[in-house]
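Remarks on the structure that follows.
The values are calculated or read from the model by the stated rules, or taken from the named source; none is laboratory data. What you see is a predicted model, and the numbers here were worked out from it, not measured in a lab. Positions of Cβ are generated from backbone atoms using ideal geometry, with glycine treated the same way; all protein chains shown enter the neighbour counts.
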Amino acid sequence: MKRRRWPVMIMVIGVLVLLGWYIGYTRHVVSQLRGAAAMQGRMYARIYEALQDTSVDADPAVVLLDLSQEIRESGLPLVVTDRLGRVTGTANIPRDIERDTARLRQFIVELDQKNPPIADRAIGAVHLGDNGIVTGLQVIPLLQAFGIVLLVGFGVYALIERGRAEREKVWAGMAREAAHQLGTPLSALAGWIELLGETVSGGTATRAVDAMGQDLQRLERVSHRFERIGRPPRDEKVDCNALVDRLASYFAARAPTLARTVRIRSEHPTEPVVTHGDQVLLEWVLEVLIKNAIDALGGRNGEVVVSARPLPEGGVRIRVEDDGPGVPRKLRKRIFDAGFSTKDRGWGIGLSLARRIVEENHDGKLVLADTDRGAAFDIILRG
């Protein structure tokens with residue numbers, strides 16, 4: 001469940017960051033526009049002051065010098081050329097461009113593409129660019145469009161997640177109701193099996209009653225699994241050695257032995273291999289993998305090995321491997337997709353459900369390992 005929240009959190013953070021940047025940049029643009037207006041006011045005032053100054057000592061060069069300084073402070077890129085096209089003055093252009101004649105010529109062409117040059121017979125031409133405010137305002141519409149798309153995407157994703165959550169809630173309710181309904185007949189079967197065990201003695205009948213008792217216990221575990229759907233997973237101590245031994249023993253007693261022979265065994269070190277998680281759900285995952293391994297043998301003799309090993313970097317690896325034909329390379333990326341199955345009557349939900357249990361409920365990994373023969377699925381869990 002935690003993994004599902006990450007996209008929502010990322011989108012919410014992205015929207016908040018974008019809105020915060022937009023508000024901050026808008027305030028910055030307003031401040032720049034106020035500064036530009038104040039600068040224009042100072043320039044107009046200086047020009048009018050010079051026009052009204054009719055004294056003999058009035059020097060127009062001083063006014064022009066003041067105006068050129070105002071232009072530099074405005075940040076407006078400017079290049080002045082004479083009638084022959086030679087550069088006679090620059091303002092607010094990068095120094096590396098100013099020193100390179102070829103790059104300066106290209107820069108003048110770029111300025112003329114933005115704004116037509118102002119021609120004057122006395123001085124030549126003035127080539128003007130855009131200041132920082134104009135450049136920023138050209139980007140704002142793109143960011144607004146991106147923000148709208150992001151908000152719409154967030155809304156669509158939220159609706160999809162809401163619909164999925166509602167469907168999962170319905171399925172979880174149906175699963176728990178099915179588990180509740182199974183409780184009564186299972187209790188009755190337990191009583192009948194206990195009664196049969198008291199009336200038969202020795203031979204095939206006793207073995208059959210014992211097998212029926214084991215199958216009844218498995219049905220009860222399956223019923224408990226349905227009760228756990230939609231509920232928070234448990235975090236309990238799990239003995240991996242006992243887990244692989246129990247499941248290998250159960251399936252070994254029910255593996256084909258007539259037309260073909262399938263051997264199922266477990267492997268683990270003598271020291272304890274322990275992890276933490278939900279034992280009922282982990283049993284579910286292993287059963288899915290063992291059943292798939294038996295089916296993968298495809299009517300031939302073979303062997304399925306269920307093993308548990310501690311990892312050097314910490315954690316536990318539980319592996320289910322077989323010596324069958326393996327998984328074709330073109331299908332390796334699709335086997336965990338919900339609804340994908342190589343069986344004619346398969347539903348394609350076993351491996352998808354198993355991966356979801358391992359990754360979302362145990363923060364682990366379920367991967368198809370590389371092997372020389374057959375197929376091997378690794379369950380990587382924390383220690």
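From the list E271, E303, which one is outside any loop (DSSP other than H, G, I, E, B) and either in contact with a helix residue (DSSP H, G or I) (Cβ under 6 Å, 6 or more places away or on another chain) or modelled with pLDDT of 85 or more (or both)?
On the way: E271 fails: outside any loop (DSSP other than H, G, I, E, B).
Result of the check over E271, E303: E303.
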(request) Tell me which residues, restricted to region 256-268, are at pLDDT below 90 and part of a loop (DSSP other than H, G, I, E, B). (result) P256, T257, L258, A259, R260, T261
(message) Being at negative phi and over 51 Å from the mean Cα position of the chain (by Cα) is the filter here; which residues of region 76-88 pass it?
(response) V80, T81, D82, R83, L84, R86, V87, T88
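Evaluate region 113-123: report whether one residue or more is at pLDDT 75 or above and in a helix (DSSP H, G or I). Don't jump to the end; show me each part of the working.
Of all residues in region 113-123, those at pLDDT 75 or above come to 113-119.
Cutting the leftovers down to in a helix (DSSP H, G or I) gives us 113-114.
Scanning region 113-123 turns up at least one residue that is at pLDDT 75 or above and in a helix (DSSP H, G or I).
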(message) Just checking, does region 345-353 include any residue being modelled with pLDDT under 85, part of a helix (DSSP H, G or I), of a type in the set (G, A, S) and under 17 Å from K291 (Cβ atoms)?
(response) yes
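Listed here are the residues, each with its yes/no results for (1) surrounded by 14 or more Cβ atoms within 10 Å (Cβ to Cβ); (2) under 24 Å from W284 (Cβ atoms).
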residue	(1), (2)
L182	yes, yes
P185	no, yes
A188	no, no
W192	no, no
L195	no, no
E198	no, no
T206	no, no
A211	no, yes
E220	yes, yes
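Take V209 and decide whether it is in the same structural domain as G302 (by TED's automatic domain parsing), at pLDDT 80 or above and of a type in the set (V, I, T).
Numbers: in the same structural domain as G302 (by TED's automatic domain parsing): no; at pLDDT 80 or above: yes; of a type in the set (V, I, T): yes.
It is false that V209 is in the same structural domain as G302 (by TED's automatic domain parsing), at pLDDT 80 or above and of a type in the set (V, I, T).
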